[in-house]
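Engineer: This is the structure I want to talk about, given as structure tokens.
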Amino acid sequence: MPLQSNLSRVHELPPDQLAIYRRLDPSRLPQHVAIIMDGNGRWAGKRRLKRFFGHQQGAESVQHVVEAATRIGLPWLTLYAFSLENNLKRPKSEISFLMRLLRTYLTNNVQRMNDNNVRIQYIGRTRELEDEVRERMEWAAEATRHNTGTVLTLALNYGSRTELVDAFKALHTEIERKDLRLEDLTEQDIQRHLYTTHMPDPDLLIRTSGEMRISNFLLWQIAYSEIFVTDRLWPDFRGIHLLEAIEDYQRRERRYGGLGDGTESDDVASLPANSNTLVPR
């Protein structure tokens with residue numbers, strides 16, 4: 001778990017963001033926000049630009065959102081940066097550009113991460129990425145590992161179904177070694193082998209571009225996450241929009257399958273089991 005700094009940086013928020021923050025309850029901020037960053041290509045297409053320009057602008061949005069997260073003291077921020085499906089289905093020229101963009105982003109922003117007390121880490125099958133990319137990733141993680149503020153997690157070459165496959169393989173090895181009995185298997189045992197084992201589940205999942213789907217992202221972890229979808233394309237998403245999503249999140253009542261506060265349960269103990277008597281006439 002990150003060790004959050006006690007020094008408040010809320011005063012560093014721009015006036016428009018500060019106005020929204022003052023409407024929030026600081027004690028009810030989400031601990032973990034995950035974002036599906038979608039719409040780079042459409043953003044570029046609307047401007048008759050190559051898709052590459054959309055990805056470049058999307059990288060700028062990342063830094064704006066990360067800085068807003070650090071100023072409000074958000075402990076965990078996870079960004080869906082590059083999916084396993086992207087790696088398999090996108091043109092090689094686009095993948096190559098994305099990997100160069102990632103290396104450039106890490107190289108140019110590590111100092112800003114340190115200035116903002118951000119620690120960076122990664123989830124996914126990162127071992128399958130190019131050596132040059134992994135070297136730069138490891139360099140950035142090492143350069144920021146002592147930071148105690150927001151933990152920025154980039155999901156790279158990530159797919160949630162693949163994550164579950166990897167977890168089940170690890171569990172199978174445990175069972176074969178007789179370190180775990182199949183009949184004793186629990187949800188916590190599966191959780192131990194997920195890429196996110198050291199992280200809390202997301203409280204809030206944000207998706208940009210208006211698409212109403214999860215896209216194979218953190219399927220296990222978002223079982224009880226609140227979901228916020230915006231039509232705004234990722235390159236246009238900024239810190240103020242993160243705060244707006246959190247404001248919407250705070251208006252909701254999280255019940256985790258139970259009843260809300262002030263909701264009385266029906267007294268059904270004395271009712272007969274005959275379903276015909278339960279239907280109002």
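The values are calculated or read from the model by the stated rules, or taken from the named source; none is laboratory data. Worth saying up front: this structure is predicted, and the values here are computed from it rather than measured. With ideal geometry, Cβ positions are generated from the backbone for all residues, glycine too; neighbour counts draw on all protein chains shown. For the accessible areas, the whole protein counts, side chains as well, though only heavy atoms, and no ligand, DNA or RNA atoms are used. Shrake-Rupley method; radii C 1.70, N 1.55, O 1.52, S 1.80 Å.
Engineer: What shape does the stretch 128-240 take by its C-alpha gyration tensor, where a ≥ b ≥ c are the square roots of the eigenvalues and a/c under 1.5 counts as rounded, a/b above b/c as prolate, and the rest as oblate?
Structural biologist: oblate
Engineer: Would you list the P(r) distribution for the chain, with all Cα-Cα distances sorted into 5 Å bins from 0 and each bin expressed as a whole %?
Structural biologist: Percent of Cα pairs in each bin: 1, 5, 11, 14, 16, 16, 12, 8, 6, 4, 3, 2, 1, 0, 0.
Engineer: Would you mind checking the tilt of helix 51-71 against the longest principal axis of the Cα atoms of the chain, expressed as 0 to 90 degrees and rounded to 10?
Structural biologist: Here the helix axis deviates by roughly 70 degrees.
Engineer: Kindly provide the helix-only [θ] at 222 nm of the chain, computed as the sum of -39,500 (n - 2.57) over DSSP H runs of four or more divided by all residues, to the nearest 500 deg cm²/dmol?
Structural biologist: Numbers: 9 runs with 114 residues, N = 281.
Estimated from H runs of four or more residues: -13000 deg cm²/dmol.
Engineer: If you line up the long axis of helix 131-144 against the longest principal axis of the chain, both from Cα atoms, how many degrees apart are they, to the nearest 10?
Structural biologist: That helix lies at roughly 80 degrees to the long axis.
Engineer: Then there is this: Over all directions, what mean area does the Cα convex hull of the stretch 1-100 project, stated in square nanometres?
Structural biologist: So the Cα hull casts an average projection of 8.5 nm².
Engineer: So with the 1.4 Å probe, I'd like the accessible area per residue for the stretch 1-122, rounded to whole Å².
Structural biologist: Per-residue value: 51 Å².
Engineer: Sorting check: for 189-201, 50-62, which peptide has the highest mean count of neighbouring beta carbons within 10 Å, and how do the rest follow?
Structural biologist: Numbers: 189-201: 16.5, 50-62: 18.9.
Output ranking for 189-201, 50-62: 50-62, 189-201.
Engineer: I would also like to ask the following. Determine the principal axes of the Cα atoms in the stretch 44-171, then give the extent along each, sorted from largest to smallest and rounded to whole angstroms.
Structural biologist: Principal extents (Cα only, largest first): 48, 37, 25 Å.
Engineer: Accessible area of the chain with a 1.4 Å probe: how many percent of it is carbon plus sulfur?
Structural biologist: The C+S portion of the solvent-accessible surface of the chain is 50 percent.
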